[in-house]
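Take a look at the structure set out below.
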Amino acid sequence: MQEYLKGLNEKQREAVEHIDGPLMIVAGAGSGKTKVLTTRIAHLMHKGVDAFNILALTFTNKAAAEMKERVEHILGNTEARNLYIGTFHSVFARILRAEANKLGYPNNFTIYDTDDAKGIIKDIVKELNLDDKHYKPAYVYNRISAAKNSLWGPALYKQDTQIQQEDARSNRPLMGDIYERYAARCFRNGAMDFDDLLFKMHELLTKFPDVLAKYQHRFQYVLIDEYQDTNLAQYQIIKMLGAVHENICVVGDDAQSIYSFRGATVQNILQFQDDYDDVKIVKLEQNYRSTQSILNVANQVISNNKNQIPKSLWTDNTHGEKIILARTMTDNDEGRFVADAITEMKLRNHYHNKDFAILYRTNAQSRSFEESLRRMNIPYKLYGGVSFYQRKEIKDFLAYLRIIVNTQDEENMKRIINYPARGIGKTSIERILVVAYDQQKTFWEMLHYPEVTGMKGAAASAIEQFVIMVKSFQTMLEKQNAYDVAFAVGKHTGLVQELYNDKSVEGLARYENIQELLNSIKEFTETPDEEGELRDKSLGSYLQQITLLTDADNENEEDQDTVKLMTIHAAKGLEFPCVFSVGLEENLFPNSMSLYDREDLEEERRLFYVAITRAKQRLWVTYANSRYRFGSLVTNEPSRFIEEIPEAHLDRTFTGIASRANASSNTYSNMLNESFNKVPSLKKLADKLQQKGPEQHTPSADFKADNPMEMEAGMDVEHVKFGFGKIKSVEGGANNRIATIEFGGGHGSKKIMLNYAKIRIVK
């Protein structure tokens, strides 16, 4: 037996030693697929297959480099350097450069990145005299990208009745014309964009049979990694290249197909057996990553999908502890629970920060975890996106808030004076700055006198309207709380509407982030501080809190001992000793847009499966009883995926509620004792939570705030957070009624500003 075969289990070796004919390796999470793929390549070469005749395609450069390095290590020579190993895009670019003249491109054609492409689209929209707010470059680019990945060129796009009807319904009837001009512009410039590397490769093989034959005979063995992530264009190219020899080996896991928004289709791997005769199937079900307890949950959850290749992961690792299911009262409580659990686990089990990952459905969820980790002085790193408060849309919104509080803030003034666009161009801004410096005035002061700076007509009028708008916001500062001012800014500046109108994936994410920011401001104004309710809820107070929170010293980038925060999509392919899968609530995970289509819902379930299987030793699943959405406190139902986990696999724990079944009957203290005592490793955390004081309140199912003018002394009332109480007295006028209310549950007597509180009268 060759030395490189000795480290393989029976199924892995079976996959490696299969030489000729189509092969599908169904590689479960943590089953060693990369090891199998690289060893198979080495085995082919050991059996005499020339490296020049092997094509291996991956989705990341890192994976390609690792594969080539491993093959070289196994063989102990440099022959592996002759392999065609790389990403789809890099390998196809290499081929296209060699054959470019056949398609009318120069061999040194330029490859446009996303920003280059969007810039060209922006110019075309302008040339056609179209509204760039309606034909947003990002939206148009994504539409063209999807068309190319589905192998629809401009001509087919314009001829397809269904596509034309879709564009007409979205009030973008000229999308096909833009696509046509964009393709022509790229061709004229001797350039291809990222999607063209697939689209043009398909065109090359389709239009030129001699070229197709050339590469079919060169690539006698084709291996595809992560086959479940391929789109239509990739599928068709692979099928054409492997049509002669049919030595196609695909490696993947249908249970980890989570990229349909990029055009990937799980059907490619599900239907592989239909594409070829005598397909050999090898299932890698032994997991080397996780405990059996974690795998039991993963197997149980994914078994609910109808569209799948059946398999059951198992391991020789220890059985491990049960999965901890934690329900919290709010999303901020969820953040605090996770931070407290990390602290406790580090102290008790000697974990490091780098052993923990917090995985969420959308980037907008990162805020509560970032804030809680910072408060606990736990270093973290955000992956797949920038820190919540460093995201452009958040910085733009906060810039508005900061100039309202301090109009001398020149940098923030310059940032938003023409965003959203209001006709104050860069030249005008620079002219105002020059005059302001010459006259030793502030930028804001000079905005009051546009004529002094030479501004006339529309520009002068736009500046005048901007000044009036800022002053109107300033008049709210004394009487309105931070949320009311922020809400007015979002509404009257057009900033929220600007993001709402962008229906691209990126645009929707930015809109969600703004809503999350507004939610945090709303919670700031409605949550009492530790010493009393009538704290300063002004915008200035909020900005000070945010500044102190976000101005913390930057972590040393070389220090890798950080908690990892990322979306589940970004976590695919990674593993961590301890994983928190957070936000398991209906309409969030699964996403509300996936609830009415089986294929979409099954992809959401696969996404949860990916989150579960990232964990090696310990897994927490958390969800919040309520969270702020669009400025309102929304009560959440637990995700249906939680109900798919058998009770025997779970340890339920709580920062406010023990279980869905007995939520309404148990007190806060009793539930904490009952649930945390089940988990000895969290007993210290339970004691800590119990010492936090008053009982947390779950609003009644029919809770609806009543008119504050109707509230009088002697009435029984319910507060959204403090629970039930009796009004002792009411004082103040119509706009500043203050009630003294005696609450139960350990909250005691509180003074409440009725105009801003959420209270219902108990009748």
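When the residues of the stretch 15-44 are filtered to those that are open to solvent by 30 Å² or more (accessible area, probe 1.4 Å) and assigned to a helix (DSSP H, G or I), the one that is farthest from residue 95 (Cα to Cα) is 17. Just one of the numbered conditions (1) open to solvent by less than 30 Å² (accessible area, probe 1.4 Å); (2) part of a helix (DSSP H, G or I) is not true of residue 305: (2). Restrict the check to the stretch 348-361 and report whether at least one residue is assigned to a helix (DSSP H, G or I), open to solvent by 10 Å² or more (accessible area, probe 1.4 Å) and over 16 Å from residue 580 (Cα atoms). Looking through the stretch 348-361, at least one residue is assigned to a helix (DSSP H, G or I), open to solvent by 10 Å² or more (accessible area, probe 1.4 Å) and over 16 Å from residue 580 (Cα atoms). Among the criteria (1) touching an Asp or Glu at 6+ places or on another chain (Cβ under 9 Å); (2) open to solvent by less than 30 Å² (accessible area, probe 1.4 Å); (3) not in a loop (DSSP other than H, G, I, E, B), the one residue 300 does not fulfil is (2). For the criterion of being acidic (Asp, Glu) and under 30 Å from the mean Cα position of the chain (by Cα), residue 253 passes.
Here residue 120 meets each of (1) touching a residue at least 12 places away in the same chain (Cβ under 8 Å); (2) within 30 Å of residue 52 (Cα to Cα) with one exception, condition (2).
Number of residues in the stretch 77-107 that are surrounded by 15 or more Cβ atoms within 10 Å (Cβ to Cβ) and either in contact (Cβ under 8 Å) with a residue 40 or more places away in the chain or of a type in the set (A, V, I, L, M, F, W, C) (or both): the value is 15.
Have a look at 512, 506, 516, 498 and point out the one that is surrounded by fewer than 19 Cβ atoms within 10 Å (Cβ to Cβ), within 30 Å of residue 170 (Cα to Cα), under 27 Å from the mean Cα position of the chain (by Cα) and at pLDDT 85 or above. None of the others qualify; the one that does is 512.
Candidates 723, 745, 693: the one that is modelled with pLDDT under 75 and out of contact with any Cys (no Cβ under 7 Å at 6 or more places or on another chain) is 693. Tallying residues that are out of contact with any Ser or Thr (no Cβ under 8 Å at 6 or more places or on another chain), open to solvent by 70 Å² or more (accessible area, probe 1.4 Å) and among the polar types (S, T, N, Q) within the stretch 407-430 yields 1. Set side by side, the residues 237, 323 differ, and just one is among the β-branched types (Val, Ile, Thr) and closer than 30 Å to residue 520 by Cα, which is 323.
All told, residue 67 meets the bar of being open to solvent by less than 10 Å² (accessible area, probe 1.4 Å), touching a residue at least 24 places away in the same chain (Cβ under 8 Å), part of a helix (DSSP H, G or I) and at negative phi. Evaluating residue 151 against the criteria (1) outside any helix (DSSP H, G or I); (2) over 21 Å from residue 235 (Cβ atoms); (3) of a type outside the set (Val, Ile, Thr); (4) in contact (Cβ under 8 Å) with a residue 12 or more places away in the chain leaves one unmet condition, (2).
Taking the condition at pLDDT below 95, within 26 Å of the chain's Cα centre (by Cα), of a type in the set (Lys, Arg) and farther than 21 Å from residue 573 by Cβ, does residue 336 pass? Criteria met by residue 336. May I ask you to verify whether residue 281 is under 22 Å from residue 16 (Cα atoms) and assigned to a strand (DSSP E or B)? Yes, satisfied. Considering each residue of the stretch 82-91 in turn, at least one proves to be over 26 Å from residue 505 (Cα atoms), part of a helix (DSSP H, G or I) and of a type in the set (A, V, I, L, M). Counted as qualifying within the stretch 177-271 are the helices (runs of 4 or more DSSP H) with 3 or more residues that are open to solvent by less than 20 Å² (accessible area, probe 1.4 Å) and more than 20 Å from residue 49 (Cα to Cα), namely 196-207, 232-241.
Sub-8 Å Cβ pairs linking a first residue in the stretch 272-286 that is within 22 Å of residue 244 (Cβ to Cβ) to a second residue that is charged (D, E, K, R), at least 6 apart or interchain, are 275/239; 276/246, ordered by first then second residue. Look at residue 36 and say whether it is over 30 Å from residue 184 (Cα atoms) and in contact (Cβ under 8 Å) with a residue 40 or more places away in the chain. When the stated conditions are applied, residue 36 passes them. Taking each residue of the stretch 295-324 that is on the phi > 0 side of the Ramachandran plot and among the small types (Gly, Ala, Ser) and looking for partners that are open to solvent by 70 Å² or more (accessible area, probe 1.4 Å) and at pLDDT 95 or above with beta-carbon atoms closer than 6 Å, six or more apart or interchain, yields nothing. For the stretch 374-393, state whether one or more residues are modelled with pLDDT under 90 and under 30 Å from residue 26 (Cβ atoms). Within the stretch 374-393, one or more residues are modelled with pLDDT under 90 and under 30 Å from residue 26 (Cβ atoms).
Considering only residues in the stretch 700-732 that are among the acidic types (Asp, Glu) and under 20 Å from residue 632 (Cα atoms), the one that is least open to solvent (accessible area, probe 1.4 Å) turns out to be 718. Screening the stretch 560-642 for strands (runs of 3 or more DSSP E) wholly inside it with 2 or more residues that are within 26 Å of residue 523 (Cβ to Cβ) and open to solvent by less than 10 Å² (accessible area, probe 1.4 Å) returns the ranges 563-567, 576-581, 615-629.
When 142, 189, 129 are screened for being over 26 Å from residue 501 (Cα atoms) and of a type outside the set (Gly, Ala, Ser), only 189 passes.
Taken over the stretch 308-329, residues that are of a type in the set (S, T, N, Q), open to solvent by less than 30 Å² (accessible area, probe 1.4 Å) and in a loop (DSSP other than H, G, I, E, B) amount to 1.
Residues to consider are 159, 164; find the one that is surrounded by fewer than 17 Cβ atoms within 10 Å (Cβ to Cβ), at pLDDT 90 or above and within 20 Å of residue 138 (Cα to Cα).
164
The values are calculated or read from the model by the stated rules, or taken from the named source; none is laboratory data. The structure displayed is predicted, hence computed values, not measured ones. Every residue, glycine as well, gets a Cβ built from its backbone with ideal geometry; the counts of neighbours run over all protein chains shown. The area values use the complete protein model at the heavy-atom level, side chains included, leaving out ligands, DNA and RNA. Shrake-Rupley method; radii C 1.70, N 1.55, O 1.52, S 1.80 Å.
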